[in-house]
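Everything on this sheet refers to the single structure shown next.
The values are calculated or read from the model by the stated rules, or taken from the named source; none is laboratory data. Model, not experiment: these values are computed from the prediction. Ideal geometry is used to build each Cβ from the backbone, glycine not excepted, and the neighbour counts take in all protein chains shown.
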Amino acid sequence: MKRKNRNVAIIGSGMSRFSSHREEVNQPEMIHEAVVEALEDANLTLDDIDCVLHGNMELFEMVHQPDMWHVLGDGGWGKSGVRLTTGGTTGATLACAADNLVASGLHDVILAIGFEKLQEGHTTGGITNMADPLWGRSLQTGALTGLGAQKVIDEFGEERARIAAMKYRTIMDEHAMKNIKAHRRLRLERQYIKETADNSPPLAGELRMIHMCSQSDGACAVIFASEEKVKAFKANPAWVVDHETVHREETMIFGSQKSTQRAAAEKLFARAGIKNPRKEIDLFEMYDPSAWWGVDWLRDFLLLEGDEALKMIENDEITIEGAFPVNPSGGVVASNPIGATALVRVAEAAMQIRGTAGNHQVPKTVRRAMASGFGGTLWTVLMLLSKEKPE
Amino acid sequence: MANRVAICAVAQTKFEPGKKDQRFQGMLWEVIKSVREQTGLDFSEHGIQGAITVSDDVFDARTISDGGITDVVGAHYGSEEKVAADGAQGVYYAAATILSGHHEVVLLTGHCKESQAISRNMVTHLAFDPFFTRPVGLDYLSAAALQARAYMDRSGITETQLADLVVRARQWAAKNPAAQETTPLTREEVMAAPMAADPIRGSFMYPVSDGAIAMILATEKRAAEFTDKPVWITGLGNCYDGFFLGERDLSGNFALERAAQRAYAMAKIADPKTAFDLVEISDQYAHQLPQYAEGLGVCPPSGGNQWLSDGGPDRQNVNRSGGMITGNPLMLGGMARVAEAVLQLRGEAGARQVAGAKRAVAQGATGPAGQCQTVVIVEN
């Protein structure tokens, strides 16, 4: 166990409604929706906040240093703040930074804000621009790649793999149907799993439109507080146990390197003394940019081997009522305002511990929950939360 | 602070108007190599445990500008987090990752190539909201011009006084091997420069600049392993002002005063006028040196004019590095100020050394007309 300077908990969260087009609000107004909801959830006012963290990806909306403009909606005026951006992992990095900044003693109550308004830019163009202009950019197709699908197909055979991916996608949609904030709520039906995939336009190889995450507008705000403040506010806390960030270099290396998902999980579980994550963790909010990656990464995050993760999907273990619920929110395949997305995972995991998830609250007590972020060149950020205060 | 954070090593490239032979990875390699050699650290588990980087997607013309430097900062299968603000904010956050107990040793880097943009004003123009302020054509230069006019009106500081500050900056820059603009100028030459945005002449603004900086930060316990000259971060403060320029008092220092108060409270500093052996101010524009000196409280409130006339900058060792006005890219202004403070406290500032320097304050700004301010106090 890593010794923190002091304990930190999530005591409130808020989200705007996620949608493909939030034309009725501008960026600070959309952020304001999330901030107001987070403050109400924590029963605080802006006066209780002493630091505002802000993050997104600038080249989507082409606003440089948008935290300047956004003080109009995020409450940052007169307060401290830091802007952190790490691509898709931005939201998770904000959560790690909030944990660090509160644990450090520099701040007592932090409001972390992630947002994106993908409607205002070109998502795939923006992502393609991450590749090295000399070596990679002409090969990059945004985040659309068929390699994830092909890997699962090669290992488990086309039929089983395709059904597992679409089953995963359908379960996520069943969850999204319960989440009033979710962007895509499609009412997919299990009896048409095969047809739904077959009739969906291919994007890259076996990655089809139905498998891929949405392009969403939305904002998320999460309030982190020190142990002293949790007591003073008589708050309902979800404690931050630990977090781990694992990057890999941008040059695409083909072959069987360890995934950053597995590397992050190994490091985090070793520190937390977790031997059997499926049993010792009650719930997982995973950044699943596509159904195929969801299937593939579940195995790595839970340190499983062979087809164990596939069986979890086939046996309905990952549903809201299942033994190991994954993404009761509907996940990223349902809603993806990129700069907010990874913070939404942390917020959702905290909501499940705090019992505030409403219609998509899982029916069991969540004592320990995990949230992941994905971004950059296959980067992972992993955060562990608990109902009980860490030692 | 429960624990202390030490800055154990610092390296900076020479700042230049256009490093055409180097990509940003190359600039970083140069400074990271240096801080590793200074400390003997590697990227193993007991070496550098994580990287905090500072850069900006729009300046780099790259989504996820830290994506191109994962290997250089040693984060392949390791940790890296990017601060997308002035480099002083990077110091702020890097210190927090150590104070929290999460890391013991971190690499802090910053890079920016302003020369990549046809005009850096095109970059900062994008910081204005697309509805009200962007259509007016604002950028950070024109915002600074409004600030300069407001401050000069309030303080009575003249163009001649500002020109003398530029002359002085060049004299100190000539003693700083990392500085960009080292050619001596006369007051008349400074005053003859064409107007960039009234009242800011071309000579009153920081030049287009490329460069990179690296530092090693560590816990008190670990610092002793790599250096016998640790420099301690004893105060950190930061604050945002409002966005619309018309809603702010551009002649004042709302954000900087609060950032300074927070840093001084942490460092237990009662009188900033006498507390520091040297002061490093991010003077992107000449008028900001006295204006921010007021905000920092190193001169009396509203006393910037008198302070200049009294020789305050020389007496209080302000910007012996030459200051930002002699050349640092926008993202690195505050980090370069901290770097200079560290070199001074380590006694490694060469011909510009302040003898026996014990405590310094460094200031960095992000946003239009210094909307977001950061103050870092270091001691040896």
Checklist line | Single match in B:V318, B:V338, B:V361 (criterion: under 20 Å from B:A223 (Cα atoms) and either buried (at least 24 other Cβ atoms within 10 Å of the Cβ) or within 14 Å of chain A (Cβ to nearest Cβ) (or both)) | finding: B:V338
Notebook entry, point to check: All but one of (1) of a type in the set (D, E, K, R); (2) farther than 21 Å from A:A265 by Cβ; (3) within 14 Å of another protein chain (Cβ to nearest Cβ) hold for A:D300; which doesn't?
Noted result: (2)
Check: Out of region B:1-21, which residues are in a loop (DSSP other than H, G, I, E, B) and either out of contact with any Lys or Arg (no Cβ under 9 Å at 6 or more places or on another chain) or under 19 Å from B:P177 (Cα atoms) (or both)?
Finding: B:M1, B:R4, B:T13, B:K14, B:F15, B:P17, B:G18, B:K19, B:K20, B:D21
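I need the full set of residues from region A:135-157 which are part of a helix (DSSP H, G or I) and polar (S, T, N, Q), in order please.
A:Q150
Could you list all residues from region B:128-151 that are in a loop (DSSP other than H, G, I, E, B) and either more than 23 Å from the chain's Cα centre (by Cα) or under 19 Å from B:M205 (Cα atoms) (or both)?
From region B:128-151, those in a loop (DSSP other than H, G, I, E, B) are B:128-139; that's our starting set.
Correct list: B:D129, B:P130, B:F131, B:F132, B:T133, B:R134, B:P135, B:V136, B:G137, B:L138, B:D139.
For (1) modelled with pLDDT of 95 or more; (2) under 19 Å from A:M62 (Cα atoms); (3) surrounded by 17 or more Cβ atoms within 10 Å (Cβ to Cβ), each residue gets a yes or a no:
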site: B:L126; (1), (2), (3): yes, yes, yes
site: B:S142; (1), (2), (3): yes, no, yes
site: B:G156; (1), (2), (3): yes, no, no
site: B:T160; (1), (2), (3): yes, no, no
site: B:A163; (1), (2), (3): yes, no, yes
site: B:R170; (1), (2), (3): yes, no, yes
Notebook entry, point to check: What residue, among those in region B:330-380 that are touching a residue at least 60 places away in the same chain (Cβ under 8 Å) and polar (S, T, N, Q), is nearest to B:A11 (Cα to Cα)?
Noted result: B:Q344
Note to self: Looking at B:A6, B:A84, can you tell me which residue is among the small types (G, A, S), under 30 Å from A:T124 (Cβ atoms) and touching a residue at least 24 places away in the same chain (Cβ under 8 Å)?
What the structure shows: B:A84
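Could you pull out the residue among A:I31, A:I49 that is more than 10 Å from chain B (Cβ to nearest Cβ), modelled with pLDDT of 95 or more and over 18 Å from the mean Cα position of the chain (by Cα)?
Details: A:I31 fails: over 18 Å from the mean Cα position of the chain (by Cα).
Only one candidate qualifies: A:I49.
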Check: When both residues are 6+ apart or on different chains and their Cβ atoms are under 6 Å apart, which pairs have a first residue that lies in region A:310-327 and is assigned by TED's automatic domain parsing to the domain that holds A:D282, and a second that is assigned to a loop (DSSP other than H, G, I, E, B) and among the charged types (D, E, K, R)?
Finding: A:G322/A:D316; A:A323/A:E317; A:F324/A:E317
Next item on the list: Considering only region B:295-315, state which residues are surrounded by fewer than 24 Cβ atoms within 10 Å (Cβ to Cβ) and within 22 Å of B:E379 (Cα to Cα).
Entry: B:G297, B:G312, B:D314, B:R315
Next item on the list: With the condition kept exactly as written, say whether any residue in region A:128-142 is over 17 Å from A:M30 (Cβ atoms) and either crowded, with 24+ Cβ neighbours inside 10 Å or of a type in the set (K, R) (or both).
Entry: yes
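I want to confirm something. Restricting to region A:52-85 and keeping residues that are assigned to a loop (DSSP other than H, G, I, E, B) and without any contact (Cβ under 8 Å) to a residue 24 or more places away in the chain, which single residue is farthest from the other protein chains (Cβ to nearest Cβ)? Working first, answer last.
Taking region A:52-85 and keeping what is assigned to a loop (DSSP other than H, G, I, E, B), we get A:56-57, A:62-66, A:75-76, A:78-79, A:85.
When the remaining residues are screened for being without any contact (Cβ under 8 Å) to a residue 24 or more places away in the chain, the result is A:64-65, A:78.
Numbers: A:H64: 4, A:Q65: 5, A:G78: 7 Å.
If we take residues in region A:52-85 being assigned to a loop (DSSP other than H, G, I, E, B) and without any contact (Cβ under 8 Å) to a residue 24 or more places away in the chain, then A:G78 is farthest from the other protein chains (Cβ to nearest Cβ).
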Note to self: Go through region B:98-124 and report how many residues are within 8 Å of chain A (Cβ to nearest Cβ) and either among the acidic types (D, E) or surrounded by fewer than 21 Cβ atoms within 10 Å (Cβ to Cβ) (or both).
What the structure shows: 1
Item checked: Condition met for A:A98 (crowded, with 24+ Cβ neighbours inside 10 Å, within 13 Å of chain B (Cβ to nearest Cβ) and under 22 Å from the mean Cα position of the chain (by Cα)) -> yes
Margin query: Here is a list: B:R134, B:R168. Which entry is among the basic types (K, R) and within 11 Å of chain A (Cβ to nearest Cβ)?
Written below: B:R134
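This table checks each residue for (1) surrounded by fewer than 18 Cβ atoms within 10 Å (Cβ to Cβ); (2) facing another protein chain (nearest Cβ under 9 Å); (3) of a type in the set (S, T, N, Q).
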| site | (1), (2), (3) |
| --- | --- |
| B:V35 | no, no, no |
| B:L41 | no, no, no |
| B:S55 | no, no, yes |
| B:D60 | no, no, no |
| B:D66 | no, yes, no |
Checklist line | Residues satisfying the stated conditions in region B:208-239, i.e. within 14 Å of another protein chain (Cβ to nearest Cβ) and within 16 Å of the chain's Cα centre (by Cα) | finding: B:I233, B:G235, B:L236, B:G237, B:N238, B:C239
Notebook entry, point to check: Looking at this structure, is A:V109 away from chain B (no Cβ under 11 Å) and either modelled with pLDDT of 95 or more or closer than 26 Å to A:D217 by Cα (or both)?
Noted result: yes
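Conditions tested, residue by residue: (1) closer than 21 Å to A:G218 by Cβ; (2) not in a helix (DSSP H, G or I).
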| position | (1), (2) |
| --- | --- |
| A:K311 | no, no |
| A:V333 | yes, no |
| A:T341 | yes, no |
| A:R345 | yes, no |
| A:A350 | yes, no |
| A:I353 | no, no |
| A:V362 | no, yes |
Next item on the list: Give the residue that is farthest from the chain's Cα centre (by Cα), with candidates limited to residues of region A:187-226 that are free of Cβ contacts under 8 Å to residues at least 24 places away in the same chain and not in a helix (DSSP H, G or I).
Entry: A:N199
